[in-house]
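Every number here is computed from the coordinates shown, using simple stated rules; none is lab data. Bear in mind the structure is a predicted one, so any value in this text is a computation, not a measurement. Quick reminder, even Gly has a Cβ in these numbers, built from the backbone with ideal geometry, and neighbours come from all protein chains shown.
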Amino acid sequence: MEEPKYNRIVLKLSGEALAGEQGYGIDPTMIQSYAEQIKEIIALDVEVAIIVGGGNIWRGMAGSAKGMDRATADYMGMLATVMNSLALQDSLENIGVQTRVQTSIEMRQVAEPYIRRRAIRHLEKKRVVIFAAGTGNPYFSTDTTAALRAAEIEADVILMAKNKVDGVYSADPSVDVNAQKYQQLTYLDLLKDGLAVMDSTASSLCMDNNIPLIVFSISENGNIKRAVTGDDIGTIIRGKE
Ligand code: UDP
């Protein structure tokens, strides 16, 4: 059996990654392919926690830009992440992976409430834990949720799966042909250079708690496994040089 480099991981899947080509909503074939990739690392005995975004359904900022109360729009965004989480849970369970969804906003008929110690117990039993409804607070993002939960469950790394790029670039590679891909960065680089990897709240939380982050492409099958076994894919961001 291949040895994983990281034993407990947080995987961040953006809402966009679930939408596939259509750009909105949930594409079942995309989710199925992610579920298969996740199953591969469960087979390596890696403990997997997942945070799913909601941007494929609703983004609070977009609602607020159209005149909606920001907090209300953000709560709608958090509910969108619950829909995505249930879809991912369904796909994983379909292929025999045991899962639990925990929500930061209580909805007990739908999922368990977030209880840190209980989440850790599920992970120890090799169940995939999907953290839904973000942090439960408006004005935050699911990237910040990933950083927060990673710190709480003492994850070894955050894997940030992208579906359009394969790492962090000096400029948008789809626009600028001279854009350079970085192999390594620090959180300070992200903050200083305003690199659009994650929002600054999420970056500083990762920096302060020294949690490494790997930004990589999930579009290629087997990439989650490559990242977990320490293959040099994507860009790694660390707290210190
Ligand atoms: N959100 C929030 N608090 C959180 C996490 C998410 O208010 O702790 C809301 C926010 O409106 C955000 C939406 O949920 O726009 C969807 O999350 P995000 O934009 O992070 O999803 P992604 O970009 O990863 O698809």
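Using 0.36 nm per residue, how much length does the chain from Tyr139 to Glu154 gain when fully extended, once their Cα-Cα distance is taken away?
Value of the extension gain: 3.0 nm.
Placing a label point 7 Å from the Cα of Ser174 along the Cα-to-Cβ direction, the residues of the stretch 7-41 with a backbone N closer than 18 Å are 13-27, 30. With the simple model of a label 7 Å out from the Cα in the direction of the Cβ, Lys240 to Lys164 spans 3.6 nm.
Take the Cα of Thr72, step 7 Å toward its Cβ, do the same at Thr186, and the gap between the two points is 4.5 nm.
Rounded is the label for the chain, because a/c, from the alpha-carbon gyration tensor with a ≥ b ≥ c as root eigenvalues, stays below 1.5.
If a spin label sat at a point 7 angstrom from the Cα of Tyr24 along the line to its beta carbon, the backbone N atoms of the stretch 47-75 nearer than 12 Å would be those of 56-59.
Computed extension length for Asn221-Glu3: 76.6 nm, one decimal, from 0.36 nm per residue of separation with the Cα-Cα distance subtracted. Taking the Cα centre as origin and putting +1 on Lys and Arg beta-carbons and -1 on Asp and Glu beta-carbons, what dipole magnitude results for the chain, to the nearest 20 debye? With Lys and Arg at +1 and Asp and Glu at -1, about 640 debye.
Compute the Kirkwood hydrodynamic radius of the stretch 7-98, taking the inverse of the mean of 1/r over all pairs of distinct Cα atoms, and give it in Å to one decimal. Its Kirkwood hydrodynamic radius stands at 13.9 Å. Take 5-13, 48-56 and order them by the average number of nearby Cβ atoms within 10 Å per residue, most first; the result is 48-56, 5-13. A simple spin-label model places pseudo-atoms 7 Å from Cα toward Cβ; at Asn210 and Arg118 they are separated by 3.2 nm. Think of the stretch 159-234 as having a plus end and a minus end, set by charges on the Cβ of Lys, Arg, Asp and Glu; of Pro173, Leu191, Ala227, Ala227 sits farthest toward the positive end of this dipole.
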